[in-house]
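What follows is one structure encoded as structure tokens, with my remarks underneath.
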Amino acid sequence: MDSKEIDLWVARIREAGSREFRATEEYMDPFEPAMFNFQSVVANRFVRIEGEGFAPFYCYFQPCFDKEAPLIVHTPGYYGEMCMHPELAQYFHVLHINPLGYTTPKGKDHARLPEDMVPGVFAETMNSGAEKGYFEWLADCVMAVRWALKQPKVYPDRVSFFGTSQGGGASLLLSSIFNDITRAVASNEPFLTNFELAAGRGAYDIGREQYKNADMEKVERAKYLLDTTHHVHRISCPVLLASGGKDDTCPPETAADLFSRFSGTKSYTHFEHLGHGYNREFLQLVKAWFLIYA
């Protein structure tokens, strides 16, 4: 496989995410125990999106305070957590996307997310040769970004992406998918990065039992298409990467190797004391990076 295969896969995801969809805003009770709300229950809202042929999923939208501003998009870790960012919504319109409907305004949807909280999106991707699983996950994101770019006071032709773990890898993939309008990306402890170097460690061993009997040609195709290192040729915006020295889930050397592959404006920060997970240190880097480039 080569870069042309990456380009074709990306084009198909964007096409899938370009289909017609319905968006319905939903009010969140600030006293609902499944969520803790920040900033404003009036301005902030959940948005339910259902594309033709796709299951419904939710986003959380935090508009910037009464001014035109760029859109920045956060994607979640593997277990589909919802995140709110009042510290960033002072400067940007913030969209958190929760693809595949794992989390709703009332909490986890266990009809889609198993009780053990381990979703099947990775295994579905491996079994299908990347025709399902993350293909659908990313197509959901395309629909959500399209919705957000049409909202009042959102700049319609610029977007930036950020996230940790699965969200970190996905931010890079979305920067590839939206390479024509992406202004910056910030990726923390990125999953889906250099499968060969990760060698089945930590997150890269997820769901192995669920695809152990899959066609190995499909598995290798899926790994190639998902691997962020194979999307570097499509990402020309400023790139910020971060890793944790105590991260046993997404090996820090994979982020360091990815960083070496980028040219242009880039930054890499290694926090030796940090284990795996979303962290305050990264959010401070995100704010500074996006204030400069988003």
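The values are calculated or read from the model by the stated rules, or taken from the named source; none is laboratory data. In this text, all values refer to a predicted model and were calculated from it rather than measured experimentally. Cβ coordinates were reconstructed from backbone atoms using ideal geometry, including for glycine residues, and neighbour counts include every protein chain displayed. Surface areas here come from the heavy atoms of the whole protein model, side chains and all, with no ligands, DNA or RNA. Shrake-Rupley method; radii C 1.70, N 1.55, O 1.52, S 1.80 Å.
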- Task: Considering each of F282, F191 in turn, give the residue that is closer than 20 Å to A130 by Cα and buried (at least 16 other Cβ atoms within 10 Å of the Cβ).
- Result: F191
- Per-region count, region 209-239, residues touching a residue at least 40 places away in the same chain (Cβ under 8 Å) and of a type in the set (D, E, K, R): 6
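Listed residues T229, T249; which is in a loop (DSSP other than H, G, I, E, B), touching a helix residue (DSSP H, G or I) at 6+ places or on another chain (Cβ under 7 Å) and closer than 27 Å to P119 by Cβ? Lay out the reasoning, then the answer.
Details: T229 fails: in a loop (DSSP other than H, G, I, E, B).
Exactly one of T229, T249 is in a loop (DSSP other than H, G, I, E, B), touching a helix residue (DSSP H, G or I) at 6+ places or on another chain (Cβ under 7 Å) and closer than 27 Å to P119 by Cβ, namely T249.
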- Query: Can you tell me which residues in region 133-156 are without any contact (Cβ under 8 Å) to a residue 12 or more places away in the chain and crowded, with 17+ Cβ neighbours inside 10 Å?
  - Reply: none
- Message: Tally up the residues in region 269-278 that are in a strand (DSSP E or B) and open to solvent by less than 50 Å² (accessible area, probe 1.4 Å), please.
- Response: 2
- Quick one: N44 ticks every box in (1) open to solvent by 30 Å² or more (accessible area, probe 1.4 Å); (2) more than 22 Å from G133 (Cα to Cα); (3) at pLDDT below 90 except a single one, so which number is it? (1)
- Item | Qualifying positions in region 59-85 - open to solvent by 10 Å² or more (accessible area, probe 1.4 Å), under 22 Å from I177 (Cα atoms) and modelled with pLDDT of 95 or more | P70
- Query: Among the candidates R48, R112, R146, which residue alone is touching a strand residue (DSSP E or B) at 6+ places or on another chain (Cβ under 6 Å) and of a type in the set (K, R)?
  - Reply: R48
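One residue is enough: does region 102-123 have a residue meeting the conditions assigned to a strand (DSSP E or B) and open to solvent by 20 Å² or more (accessible area, probe 1.4 Å)?
As a first pass, look at region 102-123 and keep what is assigned to a strand (DSSP E or B): 103-104, 107-108.
Next, only the ones that are open to solvent by 20 Å² or more (accessible area, probe 1.4 Å) stay: 104, 108.
Yes, there is a match, as at least one residue in region 102-123 is assigned to a strand (DSSP E or B) and open to solvent by 20 Å² or more (accessible area, probe 1.4 Å).
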- Message: Contact list please: Cβ distance under 6 Å, first residue in region 267-294 and at negative phi, second residue part of a strand (DSSP E or B) and open to solvent by 80 Å² or more (accessible area, probe 1.4 Å), pairs at least six apart or on different chains.
- Response: Y293/R183; A294/R183
- Within region 207-220, can one find any residue that is farther than 25 Å from G101 by Cβ and open to solvent by less than 10 Å² (accessible area, probe 1.4 Å)? yes
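For residues in region 257-268 being touching a strand residue (DSSP E or B) at 6+ places or on another chain (Cβ under 7 Å) and outside any loop (DSSP other than H, G, I, E, B), which is least open to solvent (accessible area, probe 1.4 Å)?
Residues of region 257-268 that are touching a strand residue (DSSP E or B) at 6+ places or on another chain (Cβ under 7 Å), as a first pass: 258-259, 262, 266-268.
From what is left, the residues that are outside any loop (DSSP other than H, G, I, E, B) are 258-259, 266-268.
On the way: L258: 1, F259: 48, K266: 67, S267: 34, Y268: 69 Å².
Restricting to residues being touching a strand residue (DSSP E or B) at 6+ places or on another chain (Cβ under 7 Å) and outside any loop (DSSP other than H, G, I, E, B), the top hit is L258.
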- Task: Kindly list the number of the only condition in (1) in a loop (DSSP other than H, G, I, E, B); (2) in contact with a strand residue (DSSP E or B) (Cβ under 8 Å, 6 or more places away or on another chain); (3) closer than 26 Å to I206 by Cα that fails for Q151.
- Result: (3)
- Task: From (1) touching a residue at least 60 places away in the same chain (Cβ under 8 Å); (2) touching a Phe, Trp or Tyr at 6+ places or on another chain (Cβ under 7 Å); (3) under 20 Å from P76 (Cβ atoms), pick out the condition that doesn't hold for Y204.
- Result: (1)
